[in-house]
Amino acid sequence: MKNHILKTVAFICMLLLSTGSVFLSCVTAAPEKRRTSDAIAVVNTGKDDEGKIFSGWVYQHISSVMLIDDSDRSRKIELSSEQWRYNQSTSELELHLSIPFDDYIVHMEGEPLHPQQCVLHGIATTMDDLLVILDGRLAIEDYDYRISESGDRVVFRDDIDLRKHDWFIRYATQTGAASMGEWKPDDRDRLAYIEAEHSRRVLDAWYDSQDEFWFFEAGDWPEEPPTIIRRAATKQELEAFKAWPMPVIKFRPDSSNKELSKELGFDASLPDRYSATKCIEEYAKNGKLVRTLCVRYDLASENHEGYGLEIVLSTGDPNSDAEESPEYVIDKAELDIGLRVERTRWWGMRMTSFEGEKPTVVRMTSWSWKDGTVYFSAMADESEEEACQKLISDIITFRKEVQ
């Protein structure tokens, strides 16, 4: 059993634990009306993946609802009380009108329920991954807050007024994670450190609570996929699980190529004509700080519901450590797509549940290449190979043009 299988499981756990994977709602105060009155609570939010609107923060009474065009913030619609309905038990806001905006922000003002509380819509009960932060520290359950008997609400202590604090809540859902809060964008890196510490604790506790894990067992590969078995981990395997570093994930959604290159210390230029999520990941390896740029491209098209290519940029060769290479390799090839690119097809394991559901075996494709002093590694499902190689070719061409 090679370490890359252990790392695969750890990476999947980290992915589900990390913030930003799925944002169902975001609660914050509008700058022009922030804390204008001790009696007013302001929420800005939007539609979730199912098209529903949740305030997260529970209102006792809503005094006004406004829709703001996300593409032109000067376009606003003030709604009458007949055009909306609020469900206090779920924090859902239903709209009853034809909306002229494709994408919009829902701005609500009103009196918060006391004690102040937040509904954890869609919370998964399979992992203890509730993160609550107050003013730069991990909030303490049964001191700062308690969980409702139904298990889907955070109820804060009577004397805590969220309007006077920076606060943040994140929790696991069946599809990833959701978050809400009022946290200054300029202070988001401080949040990233707290989240990494919380995720490390949760993941270690999950490892310790498990009697068995899923492992690959060699079969007739590469022609046929390896089989998956569930068994207890050896002491060395469990230590390898826990040795996999938990990265500090610093999201950089609006940073330019120039800003990212300056922050990372290497040329991080990438074309911006594709939809992408960007973040800087930091972790320690052998006592040294490693910083990489991680980008996930959304390659949704008419023929695909939605898929992506994950690319990592760094100044360290990802193939220099044998442990980083996939074990269950199907084939390897060298491609010339503007630069020499090594393509590796391999068998991987995809997990969708932490609670014993058997993972599926999938065919994956990885690409690696070097451009100047920068090493690139990319990964996607093999079924997405053609579109991904086109994107890789575009990236290589773009970087040649801007150099």
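The values are calculated or read from the model by the stated rules, or taken from the named source; none is laboratory data. Note that the structure is a prediction, hence the values are computed from the model and not measured. Ideal geometry is used to build each Cβ from the backbone, glycine not excepted, and the neighbour counts take in all protein chains shown. Just so you know, the surface numbers come from the protein's heavy atoms only, side chains and all, with ligands and any DNA or RNA stripped out. Shrake-Rupley method; radii C 1.70, N 1.55, O 1.52, S 1.80 Å.
If I filter the range 111-125 down to residues being outside any loop (DSSP other than H, G, I, E, B) and touching an Asp or Glu at 6+ places or on another chain (Cβ under 8 Å), which single residue comes out as surrounded by the most Cβ atoms within 10 Å (Cβ to Cβ)?
The extreme case among them is V119.
From the list K76, K7, K52, pick out the single residue that is of a type in the set (D, E, K, R) and at pLDDT below 85.
Going through K76, K7, K52 in turn, just one is of a type in the set (D, E, K, R) and at pLDDT below 85: K7.
Filter the range 79-104 for residues that are at pLDDT below 95 and basic (K, R) and give the result.
The answer is none; no residue qualifies.
For the range 377-391, name all the residues that are open to solvent by less than 50 Å² (accessible area, probe 1.4 Å), within 12 Å of R343 (Cα to Cα) and under 22 Å from the mean Cα position of the chain (by Cα).
S377, A378, A380, C388, listed by residue number.
Looking at (1) assigned to a helix (DSSP H, G or I); (2) free of Cβ contacts under 8 Å to residues at least 24 places away in the same chain; (3) surrounded by 17 or more Cβ atoms within 10 Å (Cβ to Cβ), which is the only condition W346 fails?
(1)
Being of a type in the set (A, V, I, L, M, F, W, C) and closer than 30 Å to K184 by Cα is the filter here; which residues of the range 230-252 pass it?
Once the filter is applied, which keeps residues that are of a type in the set (A, V, I, L, M, F, W, C) and closer than 30 Å to K184 by Cα, the range 230-252 yields M246, V248, I249, F251.
Can you find a residue in the range 66-89 that is touching a residue at least 40 places away in the same chain (Cβ under 8 Å), in the same structural domain as A41 (by the TED database) and surrounded by 15 or more Cβ atoms within 10 Å (Cβ to Cβ)?
Yes - at least one qualifying residue is present in the range 66-89.
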